[in-house]
Each structure stands twice: as C-alpha cells, then as structure tokens.
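Worksheet for the structure shown next.
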Amino acid sequence: MNLLTACALGPLAYRDGLALQEALVRGRAERATGDWILFPDHPSVLTMGRGAHEESLKTDRATLEGMGIEIFEVARGGDVTWHGPGQLVGYTICDLEARGRDLHRFLRDLEGLLIGVLSSFGVEARRSEGRTGVWAGGAKIASIGVAVRRWVSYHGFALNVCPDLTHFELIHPCGLKGIQMTSVARLLGPAAPALGEVRLRVAVKMAENMGYDGVRWASAQEAWRTARLEAPAEAGREPKRHEAA
C-alpha cells in the first residue's frame with residue numbers, strides 16, 4: 001500500500017527539525033523510506049527563504065537576538081516567515097518523481113488541502129492569484145515554501161491555528177509589505193479547534209487529496225531511527241491525540 005507516514009514530533013529546535021528533514025530526504029531519494037509529513041512544534045524562529053531580502057525584517061537582527069528569536073537562512077522558496085507556538089508547521093518529505101516532477105502542481109495541491117481543511121472547520125479560504133499560500137477573511141492564514149533535492153520535497157507549510165499574531169509585526173511576511181496575517185482562532189473565536197485536531201485533519205486530508213491509500217502515524221522515535229539520527233532530548237515529549245487518526 002502507498003501510505004503517507006505522519007509524525008507529530010513535539011517540541012523541537014528548528015536546527016534539529018532541519019537535520020531530520022535532510023536525513024529523511026536522503027532516505028526517500030534512496031527508496032529506503034516512503035513519503036512523510038512531519039509536524040514539529042518549534043519555538044519562535046524566523047526563516048528566510050531563497051528569495052528573502054534583508055529589508056523584509058522590520059526589526060534589526062540584534063534586537064531579534066535579544067528577544068531570543070533565531071534567524072535561519074533556508075533552501076525553501078519564498079521570503080521571510082515566522083514559526084512558533086500555536087502554528088501548525090508541516091514538513092512534506094515527498095517523492096516528486098512519482099508526481100511528474102511537477103513542483104507547481106505540488107504547491108497547488110498543498111494549497112488545496114489546506115483550503116479543504118479550513119472549510120471543514122467553517123473557515124472560507126482561498127488562493128490569491130500569482131501568490132503562493134492561503135488567504136481567509138482578507139488576510140493570509142497559511143504560508144507555503146518548498147525545497148527540492150533529488151526530486152524529493154522538503155520544508156512545506158505553516159498554518160496559523162492559534163499563534164500570537166504580533167510576532168508577524170517583526171517582519172514583512174513573505175516579503176509582502178502591508179499584508180495582514182490571521183489565524184483560525186481569530187476567525188472562529190471560541191469555536192476554533194485545538195491545534196491537535198487540525199493536525200489530525202490535515203494528515204487525513206493530505207492522504208485523501210494526494211493519492212495515498214491512507215495515513216499511518218509514526219512515533220517521533222521512529223522518525224529519528226528512520227533518519228539514522230540520534231533524537232534530541234525533547235523528542236520523546238510528543239503531543240497527545242495524534243494516534244487517533
């Protein structure tokens with residue numbers, strides 16, 4: 001069966017998440033493992049993609065460092081974005097050879113699955129022509145940035161479920177000046193789902209929409225073993241409820 005393996009990694013430093021992705025990309029390219037979607041819980045961090053510009057930072061680096069916010073320059077497409085608590089980050093380790101090496105279609109598929117998940121919770125979301133990502137209520141609710149190595153994707157998406165949106169005031173999100181960011185919690189208020197519930201639904205929807213026979217959940221320890229890396233100390237503290245999928 002062609003199963004998508006999903007994994008809720010729990011609290012994870014950004015640099016450790018990057019190392020895990022890169023190792024799984026190698027394994028996927030060598031056909032040692034299948035496709036994965038990884039869900040890390042990162043502390044506040046800024047990542048700058050291949051198209052990033054220094055002026056996309058509204059706050060100088062020294063001030064950000066004093067706030068405890070690290071900045072990483074990464075291989076994904078796009079400009080600058082924020083990751084942190086309350087945001088559902090999904091890293092997609094997927095074989096694009098099997099998808100006709102069509103990265104643009106893959107990006108549209110990621111948008112479509114997020115739009116579908118948001119709709120299932122009562123949030124009307126849409127694409128914005130010429131821009132990658134998902135919008136709702138006149139503001140951006142999800143950012144997408146993917147890198148490809150040996151025709152295996154990594155990095156992925158960040159969906160704002162219930163983050164502190166003031167963090168986005170530190171940057172011009174995705175390099176877009178004047179853009180507003182929103183979240184599921186802001187749009188739905190007390191009716192908003194918990195992050196764990198959204199995580200479950202994203203994994204199931206990805207399997208349904210993108211041609212998998214189903215989704216299976218792996219432990220964080222399995223992900224690290226598959227990557228042939230030593231797990232960081234926090235890797236065992238996984239979120240609850242992910243095994244219900």
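Could you list all residues from region 198-245 that are closer than 24 Å to PHE121 by Cα, of a type in the set (A, V, I, L, M) and at pLDDT 95 or above?
Hits for region 198-245 are VAL198, LEU200, VAL202, ALA203, VAL204, MET206, ALA207, MET210, VAL215.
Going residue by residue through region 52-68, is there one that turns out to be part of a strand (DSSP E or B) and in contact (Cβ under 8 Å) with a residue 24 or more places away in the chain?
yes
Can you name the residue in region 1-49 that is assigned to a loop (DSSP other than H, G, I, E, B) and among the acidic types (Asp, Glu) and is also surrounded by the fewest Cβ atoms within 10 Å (Cβ to Cβ) among such residues?
GLU30
Answer yes if at least one residue in region 99-118 is part of a loop (DSSP other than H, G, I, E, B) and touching a strand residue (DSSP E or B) at 6+ places or on another chain (Cβ under 8 Å), and no otherwise.
no
Could you list, ordered by first residue, the pairs with Cβ atoms under 7 Å in which the first is in region 19-32 and closer than 17 Å to LEU9 by Cβ and in contact (Cβ under 8 Å) with a residue 12 or more places away in the chain and the second is in a helix (DSSP H, G or I) and not hydrophobic (A, V, I, L, M, F, W, C), at least 6 apart or interchain?
Partner pairs satisfying both residue conditions: LEU24/THR226; GLY27/THR226.
Among (1) modelled with pLDDT of 85 or more; (2) surrounded by 19 or more Cβ atoms within 10 Å (Cβ to Cβ), where does ALA52 come up short?
Of (1) modelled with pLDDT of 85 or more; (2) surrounded by 19 or more Cβ atoms within 10 Å (Cβ to Cβ), only one is false for ALA52: (1).
Being of a type in the set (Val, Ile, Thr), at pLDDT below 95, in contact with a helix residue (DSSP H, G or I) (Cβ under 8 Å, 6 or more places away or on another chain) and crowded, with 22+ Cβ neighbours inside 10 Å, is that true of even one residue in region 146-161?
Yes, region 146-161 contains a residue that is of a type in the set (Val, Ile, Thr), at pLDDT below 95, in contact with a helix residue (DSSP H, G or I) (Cβ under 8 Å, 6 or more places away or on another chain) and crowded, with 22+ Cβ neighbours inside 10 Å.
Identify, from the list ARG127, ARG101, ARG76, ARG105, the residue that is closer than 20 Å to VAL148 by Cα, among the charged types (D, E, K, R) and without any contact (Cβ under 8 Å) to a residue 24 or more places away in the chain. Explain how you work it out, then say what you get.
On the way: ARG127 fails: closer than 20 Å to VAL148 by Cα; ARG101 fails: without any contact (Cβ under 8 Å) to a residue 24 or more places away in the chain; ARG76 fails: without any contact (Cβ under 8 Å) to a residue 24 or more places away in the chain.
Of ARG127, ARG101, ARG76, ARG105, the one residue that is closer than 20 Å to VAL148 by Cα, among the charged types (D, E, K, R) and without any contact (Cβ under 8 Å) to a residue 24 or more places away in the chain is ARG105.
The values are calculated or read from the model by the stated rules, or taken from the named source; none is laboratory data. Please read these numbers as outputs of a predicted model, since none were measured by experiment. Note that each Cβ is placed from the backbone with ideal geometry, even for glycine, and that neighbours are counted across all protein chains shown.
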